[in-house]
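J.: A single structure is presented below for examination.
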Amino acid sequence: MSAVGPVSGFTPPPYPYDRLAVVARQASARFGEIGGLVDCSVGTPCDPPPPAVVEALASSGTERGYPASIGSAAYRQAAAGWLGRRFGVSVDPATELAACVGTKEFVASTAQYLHLRDPSRDTVLYPAVSYPTYAMGALLAGLRPVPVPELAGGGLDLDAVDGEDAGRALLLWTNTPSNPTGLLTDLDAAAAWGRRHGVPVLSDECYAEFTWDGPPRTILTAGTDGVVAVHSLSKRSNLAGVRAGFYAGDPDLVGFLLDVRKHAGLMVPGPVQAAGAVAFADDLHVEVQRERYRQRLDFLREVLGASGLDAPWPQGGFYLWVPVPPAFAGGGWGLTERLATEGGLLVSPGEFYGDGGAGFVRVAVVQPMERLEVVAERLSGVDLTGG
Ligand SMILES: Cc1ncc(COP(=O)(O)O)c(C=O)c1O
């Protein structure tokens, strides 16, 4: 047996939000006594899920046995029913859809699993300014993350992917509506590009219900061949705490991922599936939630605008993607610090989402109106255009 030598492998980078902790502490120290910090940094819902969902969570009687990785028939049928109602697409819940434990684990692990299927490809393509887990999933699998530039009006500039990267691509991630930019992507074009290059397209659609510019979109409208849509109840139904999502599309891809995930022991807990089935069957609570986000986006956009920060209305999602004013010297981190120290408002510096985000901050409207009103009072008369 050979001795194990010193290891010099992968070192996980600092977790983005851990880096914000210092800023949060400083602002809390200043505002702790008078209303505290208003945390709009992480996109974690603050509103309640529907009571019937909580009731189902507590009373399903499914605690004793192991749940199936694919998800219960009720959960899959409810998810497929929602896809039909909301997007007008039809998927077979027996072969084209399976449960995942929230979607972050799916986003982080899929590159690793697809690489087992096709070891000849080593590259993960993902939007240049995006949710960090697409690139992290590549790194965790020892693969090459390659950002795809984005078009100014939204969507991937797939013509800019060089031939070698396309030839090595294991998968392409898309995300519409985009976290953090709030822009929409042409999913038909993404599906067509993937088919042309033999690259599976994984479409993260977890903010679809909060599409403000036209109807919600799914890549499944382009057919299931070579594509997988990824959905979550975290944002749709304020259920981030219970971890429920699903993936649906190409039966070969879904079937392969399901087989691997079964071996890995990835299962949505039974009571969570029971609650998820109730949530997917109901659209009314989503209408209520849409109004909450619409009102907060409107309000905060005006509050920030009064201080000289002009954010466009997002095409989708519940984030304001705020450009740092040209005369403001400190970039996204500097603006994050000013907002925290002057407004007690914690936001995310845009560089968390890629180098191209460095000139922005992201504001998640995940605090109730009365908390946002506290920020409005603090920022009243504060000019943030310079400094
Ligand atoms: C773009 C995007 N995808 C996926 C997720 C993961 O969500 P969850 O794991 O709660 O389903 C998030 C969470 O913020 C997100 O912003």
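J.: Return only the number of the condition from (1) more than 11 Å from the ligand (Cβ to nearest atom); (2) closer than 15 Å to D157 by Cβ that W173 does not satisfy.
T.: So the condition that W173 fails would be (1).
J.: Looking only at the stretch 12-44, count how many residues are in a loop (DSSP other than H, G, I, E, B) and either at pLDDT below 90 or in contact with a Ser or Thr (Cβ under 7 Å, 6 or more places away or on another chain) (or both).
T.: Residues that pass the stated criteria total 9.
J.: A further question follows. Which residues, taken from the stretch 188-218, are surrounded by 23 or more Cβ atoms within 10 Å (Cβ to Cβ), away from the ligand (no atom under 14 Å from the Cβ) and assigned to a helix (DSSP H, G or I)?
T.: Once the filter is applied, which keeps residues that are surrounded by 23 or more Cβ atoms within 10 Å (Cβ to Cβ), away from the ligand (no atom under 14 Å from the Cβ) and assigned to a helix (DSSP H, G or I), the stretch 188-218 yields A190, A191, G194.
J.: Residue by residue through the stretch 229-253, note down the ones that are more than 10 Å from the ligand (Cβ to nearest atom), over 13 Å from E96 (Cβ atoms) and surrounded by 24 or more Cβ atoms within 10 Å (Cβ to Cβ).
T.: Selection gives S237 alone.
J.: L320 fails exactly one of the following numbered conditions: (1) in a helix (DSSP H, G or I); (2) touching a Gly at 6+ places or on another chain (Cβ under 9 Å). What is the number of that condition?
T.: Single failed check for L320: (1).
J.: Where residues in the stretch 95-130 are of a type in the set (D, E, K, R) and out of contact with any Gly (no Cβ under 7 Å at 6 or more places or on another chain), which of them is surrounded by the fewest Cβ atoms within 10 Å (Cβ to Cβ)?
T.: Per the stated criteria, the residue is D118.
J.: Just to be sure I understand, how many residues within the stretch 298-313 are more than 19 Å from D213 (Cβ to Cβ) and part of a loop (DSSP other than H, G, I, E, B)?
T.: Count: 3.
J.: Further question on the same structure: Give the number of residues within the stretch 15-40 that are closer than 16 Å to W333 by Cα and not small (G, A, S).
T.: Number satisfying all stated conditions: 12.
J.: When the residues of the stretch 92-133 are narrowed to those that are in a strand (DSSP E or B) and within 16 Å of L172 (Cα to Cα), which ends up farthest from the ligand (Cβ to nearest atom)?
T.: The residue in question is T123.
J.: For K262, state whether it is surrounded by fewer than 22 Cβ atoms within 10 Å (Cβ to Cβ) and in a helix (DSSP H, G or I).
T.: Here the answer is yes, as K262 does meet what is asked.
The values are calculated or read from the model by the stated rules, or taken from the named source; none is laboratory data. Everything numeric in this text was worked out from a predicted model, so none of it was measured. No Cβ is skipped: glycine too gets one built from the backbone with ideal geometry, and neighbour counts run over all protein chains shown.
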